[in-house]
Amino acid sequence: MQGKAAGIVLLGAGHANLLAVRPLRAALPQARITLVDMAGHATYSGMFPGHAAGHYPAGALRVDLTDFADRHGIAFRRAEIMDLDPATRRVCLSGGDMLEYDVAALDIGSHGAMPELPGFAAHAVAVKPMGPLAARLAAGPAAGPAVVIGGGVAGAEMALALSHRGHRPVTILEAAPVFAPGLRPRTRACLHRAFARAGIRLCLDARAARIEAEAVVLASGARIASALTLGVAGARAHGWPARGLPVDAGGFVRVDPYLQVEGHPGLFAVGDCAAMMHAPRPKAGVFAVRQAPVLAQNLAAAHDGRRLRRFDPQRDYLKIIALGGRSGLAEWRGITLHGPWLWRLKDGIDRRFMRGLQGAGQPRS
């Protein structure tokens, strides 16, 4: 089925695409703008550990996309993005529909599934996308042992959240010999103390070989009991962009300093799905938020045939790690900070962020 030409198409309801809508609509009040996403709502990843810990109801971190589109005067189409042909500027959607674009932005994020790990699909759940895990947490009581596969900051936050929620014991499996090597030694030491207080076991040089219904089997042959197994072992790229777009070694879409897909004028990529070849950075929501105003300006410029604006991300940023309870740990400019005040700071930042995206009438429970 052929779709009508849609002008500007925002593919995926990631942070950058959503935050770009307001300035983009202000710059182009008459333009046709369409948002496409497979889910009916967008979930804010920054508040998800707090939700898993029991501090926030599901509604507090969700943006109703139909309501969002109505409030901003854009169209919303709920469909899965299957493929994209940059030569014809057509997007293939689930059900066989085709959507044309003049200018588009890809913001489909990443995922944490581990299909190469036997038993993962049947007995584990990835943290990204967040919908399946949110449903799993809502469906059953917080009890029994849990295993978190992946020992980075995201894995630490989820392990601490599950412990605070009531799972006992919680085990983190890290395949590397060092936990979270990107953190300063003092910050890592603070996290280790937080694990000890929460009764969390950290296993280094531990590689999962198989997931079973009630256990994780390690390459060493050891079995760790688990009623809930999470995959948090880094961001992985969705497969379909590699079929027609330039990607890096990890499968993430290569973009130039203007956030434009290399070799494809008028097509942009932002957030976790993009690889900024001029300024490589870790996958973190702060960069998507900072990309948004530049993306909005460049979408409008590409639409009107004007000059694009360069995006140069900062090298350092405030990293706040939720510690399960209402306390936090942070790194900023080489300094390690910790205490309940960091939770309050993060909570205030997150709630302000969500107020900017949610409508006044959207349920938050």
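What follows draws every value from the coordinates through simple rules; no lab data is involved. The structure presented is a predicted model; accordingly, all values stated were derived computationally and were not measured. Backbone-built Cβ (ideal geometry, glycine too); neighbour counts: all protein chains shown.
Rounded to the nearest 5, what is the percent of antiparallel bridges among the DSSP beta bridges in the chain?
50
So which chymotrypsin sites (Phe, Trp or Tyr not before Pro) in the range 1-93 pass both tests, a DSSP loop state and at most 11 other Cβ atoms within 10 Å of the Cβ?
Numbers: sites: Tyr44, Phe68, Phe76; in loops: Tyr44.
Here no loop site has a sparse enough neighbourhood.
For the chain, set up a GNM with springs between Cα atoms under 10 Å and report which of Ala269, Ala134, Ala288 has the largest fluctuation.
Ala134
Please report the net charge: other residues with Cβ closer than 14 Å to the Cβ of Ala69, K and R +1, D and E -1.
Numbers: positive: Arg22, Arg25, Arg32, Arg71, Arg77, Arg78; negative: Asp37, Asp64, Asp67, Asp70.
Charge balance in the 14 Å sphere: +2.
Give me a comma-separated list of calculated 3J(HN,Hα) values for the range 101-110, in order, Karplus coefficients 6.51, -1.76, 1.60 applied at θ = phi - 60°, integers in Hz, x for any Gly or Pro.
Running phi through 6.51 cos²θ - 1.76 cosθ + 1.60 with θ = phi - 60° gives 9, 8, 9, 9, 10, 9, 9, 9, x, 9 Hz.
So, in the chain, how many Lys pairs have Cα atoms under 27 Å apart, if the pair is 8 or more places apart or on different chains? Before the final figure, lay out each step's value.
On the way: Lys128/Lys283; Lys128/Lys319; Lys128/Lys346; Lys283/Lys319; Lys283/Lys346; Lys319/Lys346.
Going through the chain pair by pair, I get 6.
What base-10 log of the normalised intensity I(q)/I(0) is obtained for the range 161-255 from the Debye formula, alpha carbons as equal point scatterers, at q = 0.25 Å⁻¹?
-1.27
In what sequence, highest mean first, do 13-21, 94-102 appear when ranked by Cβ atoms within 10 angstrom?
On the way: 13-21: 26.6, 94-102: 15.0.
Result, highest mean first: 13-21, 94-102.
When the chain is fully extended, how far beyond the present Cα-Cα distance does His192 get from Arg351, taking 0.36 nm per residue of separation?
Values: separation 159, 0.36 × 159 = 57.24 nm, distance 2.83 nm.
Here the answer is 54.4 nm.
Val217: net charge of surrounding residues, Cβ under 9 Å, Lys/Arg +1, Asp/Glu -1, itself excluded?
Working: positive: Arg210, Arg223; negative: Glu212.
Taking every other residue near Val217 into account, the sum is +1.
How long are the three semi-axes of the equivalent ellipsoid of the range 62-166, in whole Å, if each is the root of 5 times an eigenvalue of the C-alpha gyration tensor, listed from largest down?
Details: eigenvalues 234, 68, 34 Å².
Semi-axis lengths for the range 62-166 are 34, 18, 13 Å.
Between Arg32 and His278, what's the calculated FRET efficiency when r is the beta-carbon distance and R0 is 41 Å? Round to 0.05. Provide the component values of the computation, followed by the final result.
Values: r = 31 Å, r/R0 = 0.76.
Calculated transfer efficiency: 0.85.
What is the extension gain from Val178 to Gln314, computed as 0.36 nm multiplied by their sequence separation minus the C-alpha to C-alpha distance, in nm to one decimal?
On the way: separation 136, 0.36 × 136 = 48.96 nm, distance 2.61 nm.
The Val178-Gln314 span can extend by a further 46.3 nm.
When N counts the residues of the range 226-365, how does its alpha-carbon radius of gyration compare numerically with 2.2 N^0.38 Å, as a ratio? Numbers along the way, then the final one.
On the way: Rg = 18.2 Å, N = 140, 2.2 N^0.38 = 14.4 Å.
With N residues counted in the range 226-365, Rg over 2.2 N^0.38 Å equals 1.26.
For the chain, just the Cα set please: Rg and Dmax, both in angstrom.
20.7, 62
Would you compute, from DSSP H runs of 4+ residues alone, the mean residue ellipticity of the chain at 222 nm, taking -39500 (n - 2.57) per run and dividing by the full residue count, rounded to the nearest 500? All intermediate terms of the calculation are to be shown ahead of the outcome.
Values: 9 runs with 104 residues, N = 365.
So the calculated ellipticity at 222 nm is -9000 deg cm²/dmol.
Taking the Cβ of Ala175 as the centre, find all other residues whose Cβ is under 11 Å away and add up their charges (Lys, Arg: +1; Asp, Glu: -1).
On the way: positive: Arg207; negative: Glu174, Asp205.
Once positives and negatives cancel, what remains is -1.
Please give the FRET efficiency for Arg210 paired with Asp83, using the beta carbon to beta carbon distance and R0 = 35 Å, rounded to the nearest 0.05. Could the numbers behind the result be given before it?
Details: r = 33 Å, r/R0 = 0.94.
So, using R0 = 35 Å, E works out to roughly 0.60.
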